[in-house]
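Below: the structure, in structure tokens.
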Amino acid sequence: GNKNINAKLVLLGDVGAGKSSLVLRFVKGQFIEFQESTIGAAFFSQTLAVNDATVKFEIWDTAGQERYHSLAPMYYRGAAAAIIVYDITNQASFERGKKWVQELQAQGNPNMVMALAGNKADLLDAKKVEAEEAQAYAQEHGLFFMETSAKTATNVNDVFYEIAKRLPRV
Ligand code: GTP
Ligand code: MG
């Protein structure tokens, strides 16, 4: 039969990596060139049908600014899934992403489905982080990896769809 699954999902990553833009693309099919930096966190929900189930994502889009770091556990605690976002044109954002992976693996739900998203894949000329490096890191740490673009919509639905497929079927 068809299953309905509710899944709390959190996005984490450096300031400006594109967390809000990925959510806006996924939930509303829109992109804003001058997206404002998130304050605290923002909540969205979106439903996705996968083969045997309907998954309702309850999405927490967190703020990347360091002064909000201490709030993060409220959003990742109990989360079924996380998307760690970095900007492919910014090496420091990749390093920040790795820190989030460490924190989640130390403090988060051990069964959490985790995705690593190398965002702004449309900015090929400014690329600083090679996909091979990110893919190797992801594989070593049990995440799946995709390059995404909130601007062009490349792989955005795919990340959420892949998470939905990997969620435990209760
Ligand atoms: P904080 O809320 O401050 O943590 O940032 P964020 O991770 O939510 O980033 P946000 O979505 O606000 O995006 C930051 C900037 O990058 C905005 O100006 C976006 O328009 C731009 N941006 C986001 N995603 C993409 C993308 O895929 N391609 C390009 N070219 N720009 C993007
Ligand atoms: Mg934001």
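Are any residues in region 75-92 loosely packed, with under 14 Cβ neighbours inside 10 Å, over 16 Å from the mean Cα position of the chain (by Cα) and free of Cβ contacts under 8 Å to residues at least 60 places away in the same chain, and if so, which ones? Hit for region 75-92 is 91, nothing else. Screening residue 61 against (1) open to solvent by 10 Å² or more (accessible area, probe 1.4 Å); (2) charged (D, E, K, R); (3) farther than 17 Å from residue 161 by Cβ leaves a single unmet condition, (1).
If a residue has to be open to solvent by 60 Å² or more (accessible area, probe 1.4 Å) and touching a residue at least 12 places away in the same chain (Cβ under 8 Å) to count, how many in region 37-51 make the cut? Even if it seems obvious, please write down each step before you answer.
Quick first cut of region 37-51, residues open to solvent by 60 Å² or more (accessible area, probe 1.4 Å) only: 37, 39, 43, 47, 49, 51.
Next, from what is left, pick out any that are touching a residue at least 12 places away in the same chain (Cβ under 8 Å): 37, 39, 43, 51.
Number satisfying all stated conditions: 4.
Looking at this structure, is residue 66 open to solvent by 20 Å² or more (accessible area, probe 1.4 Å) and either within 11 Å of ligand 1 (Cβ to nearest atom) or under 22 Å from residue 154 (Cα atoms) (or both)? In short, yes. Residue 119 meets each of the listed conditions (1) polar (S, T, N, Q); (2) within 16 Å of ligand 2 (Cβ to nearest atom); (3) surrounded by fewer than 17 Cβ atoms within 10 Å (Cβ to Cβ) apart from (3).
Take the residues in region 134-162 that are assigned to a helix (DSSP H, G or I) and touching a residue at least 60 places away in the same chain (Cβ under 8 Å), then tell me which one is nearest to residue 33 (Cα to Cα).
Step one: list which residues in region 134-162 are assigned to a helix (DSSP H, G or I), which gives 134-140, 156-162.
Pick out the ones that are also touching a residue at least 60 places away in the same chain (Cβ under 8 Å) and you get 156-157, 159-161.
Working: 156: 17, 157: 19, 159: 21, 160: 22, 161: 25 Å.
Once the filter is applied, the top-ranked residue is 156.
Could you list, in sequence order, all residues of region 1-36 that are among the acidic types (Asp, Glu), open to solvent by 40 Å² or more (accessible area, probe 1.4 Å) and touching a Phe, Trp or Tyr at 6+ places or on another chain (Cβ under 7 Å)?
Selection gives nothing.
The values are calculated or read from the model by the stated rules, or taken from the named source; none is laboratory data. If you're wondering where the values come from, they're calculated on a predicted model, not measured in any experiment. All Cβ positions, glycine included, derive from the backbone under ideal geometry; neighbour counts span all protein chains shown. Accessible surface areas use protein heavy atoms only, side chains included; no ligands, DNA or RNA. Shrake-Rupley method; radii C 1.70, N 1.55, O 1.52, S 1.80 Å.
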